[in-house]
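Here is the structure we will look at, set down as C-alpha cells.
Please treat every number below as a calculation from the coordinates, not as lab data. Worth saying up front: this structure is predicted, and the values here are computed from it rather than measured. Here Cβ is always computed from backbone atoms with ideal geometry, including for glycine, and neighbour counts include all displayed protein chains.
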Amino acid sequence: MNFPSLDKGTITSFKKSIDATFREFASNWGEWFTDLLSPLQWLLINFEKLLLATPWYVFLILVGFLIWKITYSWKLVLGFLISFVSIGLVGMWDDTMRTLAIVIVSTLVCIVIGIPTGILMAKNNTAQRIILPILDIMQTIPSFVYLIPVVMLFGLGKVPGLIAIVVFAIPPVIRFTNLGLRQVDFNLVETAQAMGLKSKYILAFIEIPLARNVILGGVNQTVMMALAMVVIASMIGVRGLGSQVMNSIGNGYLGLGVISGLSIVALAIIIDRTIQAHNKRHDKWRNYK
Amino acid sequence: MTSKHVKRFLSMMAITLFSVSSVNADNIKIAELNWQSGSMIANIDAYILTHGYGHDTELVPGGIDATIQSMMATGSPNIFGEAWTSLLGDSALEYIANGSLIQVRDEVVVGAGEGWYIPRYIQEAYGLTTIEQVLMHPYLFPHPEDSSKGGIVICPEGWSCKKHNENLFRAFDMEAKGWKIIDPGSGTGLNAFWEGQVVKEKGAFGYYWSPTVLVGRLDLVSLESELGFTGDENWSNCISVAVEECENPQATSFPVGQTGTIITSGLNSEVVDYVTARGLDGSVITDMLVWSDDNQATSEDAAVEFLNRYPEIWTTWVTTEAASKITRSLQ
C-alpha cells in the first residue's frame with residue numbers, strides 16, 4: 001500500500017512556490033548581498049595575487065621560518081620543504097597557492113564569526129539550545145543543496161565558494177570554543193569573581209587562555225574541513241587544487257587526480273602537525289610552571 | 001575505470017536487456033532516449049504510430065551509446081528518433097554506409113546545437129545580434145572577479161566543448177578586446193550561473209545548447225558570427241583540438257547540430273514515410289520542454305500536449321487517414 005501522500009499537484013505547487021520565492025529574493029537582494037561581501041571578494045582576490053606573486057624561494061623561507069618559530073621542530077620544517085618542493089616540481093605550485101589563499105581566508109572568516117558565537121553559546125544556555133541544531137544542519141545538509149542558491153545570489157567565483165566552505169567548516173570552531181570554555185575549572189572563575197574581577201576580564205585572562213588548546217583544536221578541525229571542501233568549491237568556479245581534481249575526474253586522468261589529491265593531503269598534514277606541535281609545546285610549558 | 005569502460009559496460013548490459021525483450025518481432029521498438037527532447041520525440045512517434053497507423057509500439061529506454069550499440073548488434077530498437085550524428089562513433093557510421101542501418105533525416109530538430117547565448121532582454125536593449133557586436137561591449141557583461149573586463153562563461157573542465165570555447169576565445173581575439181573567461185567549474189555551476197544572472201536581469205554571455213528547458217525558460221538567444229560557419233577544416237582540425245595544437249584558429253559560428261533519425265532496415269514503408277517526413281523546429285521543442293517543466297509533466301504528457309497544440313505541424317507528417325484517426329483519439 002502506498003503512503004497516503006499529498007496529491008501530485010499540491011506537491012508540485014509547493015516545490016514551485018519555493019523556487020519562485022527564492023528567485024524573487026535573488027532578484028531583489030542578489031545585488032545587495034554581492035555589494036555587502038565585496039570587501040571579502042577584494043581580500044580573496046588580492047591575497048591570492050600576493051601568494052602567486054611571492055617568489056617560491058621567498059615563500060619557502062618565510063613559511064619555513066614561521067613553522068620553526070611555532071613548533072621548533074626541524075622534522076616538520078624539513079617535511080614542509082620536501083612536500084612543497086615536490087608540489088612545485090609536479091607543476092601544482094600555482095594551484096596550491098590559490099587553494100591556500102581561499103583556505104586561509106575561509107579559516108579567518110570562520111574564526112572571526114565562530115569564536116564569538118562559541119563564547120555566546122558557553123555563556124548562554126538558550127543560545128546553545130538554538131545554535132546546536134543549526135550546526136547539526138550545517139554539517140549534514142548535502143552541500144549541493146545550497147550550492148545552486150548561493151551561486152544564484154552571488155554569481156560564480158570565489159565569494160560563493162567561500163560561503164560554501166564556511167557553512168561546512170565553521171561548526172568545529174564554534175563547538176570547540178563552547179566546549180573549551182565550559183570545561184574551565186569553575187573554582188578558578190569563582191575565585192576571580194570573589195576578587196572582584198569583571199566578567200569580561202575573567203573571559204579574557206582566565207577562561208580563554210585555559211580553553212586555548214581546545215579552541216585551537218577546533219580551528220585545526222576547521223582548516224581540515226575547509227581543505228576537504230575545496231573540491232566542492234571548485235564546482236562553482238573556485239580555481240585551485242580542487243579544479244585539478246575535477247579535471248582529473250572529468251577526463252579520467254588518474255595521474256593528475258593522484259597528484260592534486262596528494263597536494264591537498266600535504267597541505268592538510270603540514271597545517272595539522274604545526275597546530276598540534278604548537279599545542280603540545282604550550283602544554284609542556286604550562287606543566288613546567 | 002574510465003568513462004569509456006563504463007559506457008562499454010553499460011552498452012553490453014543494454015544489449016543483453018534489449019535482446020531479451022525483442023521476442024515479439026512484430027512490435028515497433030522506439031528508443032526512448034534519456035534526454036528531454038529525445039524522450040519527447042520518442043513518445044510522439046509512439047503515439048502517432050499506435051493511434052494513426054495501428055502498429056504495436058514499445059518504448060525502449062537508453063542513451064546514445066547503448067541504443068546505437070544495440071541497434072547494430074541486435075537490430076532493436078527500430079527507431080532512434082533524435083540521433084546526434086557527431087556523437088554516434090565511427091562503427092555506427094559504417095553500418096549506415098553499408099545499409100545495415102538507415103539514416104532518414106539529417107535535421108530532425110531544426111536549429112539544434114551548441115553556441116554562445118545572451119538573454120533576450122540584453123539583445124533587445126542593446127540591439128546585439130551577432131557575436132562580433134557583443135564582443136564590442138564587454139562592459140555589459142562584467143567579469144565577476146574583475147569588473148574592468150567582460151566575462152564569457154565557457155564549458156566546465158572535462159567537457160569536449162571546453163576546447164572549442166578556448167580556441168574560439170583566441171580566434172575572436174577576445175583577450176585584446178577586454179574579455180576574460182569565466183570557468184563555471186561544473187555543469188551545476190553553468191546552470192546556476194545562467195539562472196542567477198537572468199533572475200537578477202544582469203548581463204550574461206557564453207556557452208549553452210538547445211533545445212533545453214533552460215534556454216526556453218530563461219529566454220536565451222543564440223548568436224552567430226558575422227562570418228558564419230567557416231568550414232569543417234578549421235573546426236575539426238583546429239577549434240576541436242587542444243589549445244597547444246591549434247596554432248591559428250579562425251573565427252566561426254558553431255556548426256549546426258546534425259540530428260538524424262536512424263532506423264533498422266525492413267520497416268513497413270508507411271513507417272519509413274512517416275519518420276522521413278517528421279522534423280521539428282527547435283523553438284517548438286523548447287516550447288514543449290518549458291511546458292513540461294512548468295507542469296512537471298512526463299514525456300508522454302508532453303507528446304499528447306504537442307499533438308493537441310500543434311496540429312498544423314504534425315498533420316503534414318502523416319497521411320490524411322492517419323491524421324483523422326489521431327485527431328479522433330485525442331478527443
- [ ] Would you pull out the residues with amide H under 5 Å of B:Val110's amide H, same chain only if 5 or more places away, H placed 1.01 Å from N?
- [x] B:Leu280, B:Asp281, B:Gly282
Open item on the list: Can you compute the charge dipole magnitude of chain B about its Cα centre, using +1 on each Lys and Arg Cβ and -1 on each Asp and Glu Cβ, nothing else charged? Give it in debye, rounded to the nearest 20.
Closed with: 400
TODO: Using the Cα centre as the reference, give the magnitude of the dipole from point charges on the C-beta atoms of the protein assembly as shown (Lys, Arg: +1; Asp, Glu: -1; all else neutral), rounded to the nearest 20 debye.
DONE: 4060
Open item on the list: Give the lysines reachable from A:Lys123 as a straight Cα distance under 17 Å; neighbours fewer than 8 places away on the same chain don't count.
Closed with: A:Lys198, A:Lys200
Open item on the list: Helix-only mean residue ellipticity at 222 nm, the protein assembly as shown, DSSP H runs n ≥ 4 weighted -39,500 (n - 2.57), per residue, nearest 500. What is it?
Closed with: -20500 deg cm²/dmol
Open item on the list: At 0.36 nm per residue, and after removing the present C-alpha to C-alpha distance, how many nm does the segment from B:Asp173 to B:Ser91 gain when stretched out fully?
Closed with: 25.8 nm
Task: Within-15-Å neighbourhood charge of A:Asp7 [Cβ basis; K, R +1; D, E -1] - done: +3
TODO: Output the antiparallel fraction of DSSP beta bridges having both residues in region B:113-245, as a percent to the nearest 5.
DONE: 65
